[in-house]
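In what follows, a structure is listed as structure tokens, so that the remarks can point back to it.
The values are calculated or read from the model by the stated rules, or taken from the named source; none is laboratory data. Please read these numbers as outputs of a predicted model, since none were measured by experiment. Quick reminder, even Gly has a Cβ in these numbers, built from the backbone with ideal geometry, and neighbours come from all protein chains shown.
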């Protein structure tokens, strides 16, 4: 073990504790995500009974890579206020959306969209839109201003539908270490979000780029 290892582990532990602590403080007065229905699906709060299914879905859509441990702990403690799941008629998790608050979000009154996905066999039925709608209704009712997200510049599959929904690119930066270009985007519920057509609609059209800022060398 290197001489720097204990310090590195301590920093990781402190960062994990900070992430969990600030999110628990922010949502302590939140009500759980309300139950909604869409066709034969139920959209509801990600309670502990749903967590294993939601984490399995995340891993399946990330080539087997699991969600990091701090966020797994966070969603075990507050998943009903920071997560939405879509359940089929048999109660299986077929879609999920994870949210959280980073320091910038806390300053700006937004919530970060960490992940949103639907199993391939259940796509094309509006579930991605309904997951977003459930999240918007929930967070807006609890006083949150809008969403934030980070997307790699060459990830067109995520970037294009996000722009259609009303996300604005407000910052470009280089990811430390990898050097890849990434975008920081925001979408305020009352002024930016566009409901109608989205990535599941074959005839939808991309929204114009609303704003950008000069490229930076480090993530905010």
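Does segment 91-100 contain any residue that is surrounded by fewer than 17 Cβ atoms within 10 Å (Cβ to Cβ), over 14 Å from residue 53 (Cα atoms) and in contact (Cβ under 8 Å) with a residue 40 or more places away in the chain? Checked segment 91-100: no residue is surrounded by fewer than 17 Cβ atoms within 10 Å (Cβ to Cβ), over 14 Å from residue 53 (Cα atoms) and in contact (Cβ under 8 Å) with a residue 40 or more places away in the chain. What number of residues within segment 148-177 are at pLDDT 85 or above and in a loop (DSSP other than H, G, I, E, B)? Total satisfying the criteria: 7.
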